[in-house]
Amino acid sequence: MTGAPARFGPWADNLSDAERLARWRGLRAAAFLLVGPSHPFVETLRRAETDADAAQRALIELEALPPLPQRRLLSVLIRLQEVPQR
């Protein structure tokens, strides 16, 4: 993921403020469950809701997670972004 700007999750282009906030909170909830409430990544995600620098740090911290929690978080993020079929 490094080198190119992220174009997924809360880092995606053309999101409304409400959708971006929802994606930050969904990712934070998943991180809370998958890496634990005291993990620094969870706090960075909370700050990223209102701080662009924290948003960039969150991407770096996501990339630095061990492979298994990183894959699990990304898979949850993908599922949260799916549009329900009705």
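The values are calculated or read from the model by the stated rules, or taken from the named source; none is laboratory data. Here the structure is a predicted model, which means the values were calculated and not measured. In this analysis, Cβ positions are derived from the backbone assuming ideal geometry, glycine residues included, and neighbour counts consider all displayed protein chains.
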GLY26 being surrounded by 14 or more Cβ atoms within 10 Å (Cβ to Cβ), farther than 17 Å from PRO66 by Cβ and at pLDDT below 95: yes
Contacts under 9 angstrom Cβ, first residue in the range 68-86 being more than 15 Å from TRP11 (Cα to Cα) and crowded, with 16+ Cβ neighbours inside 10 Å, partner among the charged types (D, E, K, R) and modelled with pLDDT of 85 or more, 6 or more apart: GLN70/GLU63
Helices (runs of 4 or more DSSP H) contained entirely in the range 29-86, each with at least 1 residues that are in contact with a Phe, Trp or Tyr (Cβ under 8 Å, 6 or more places away or on another chain) and either at pLDDT 95 or above or more than 16 Å from ARG7 (Cα to Cα) (or both): 40-48, 52-64
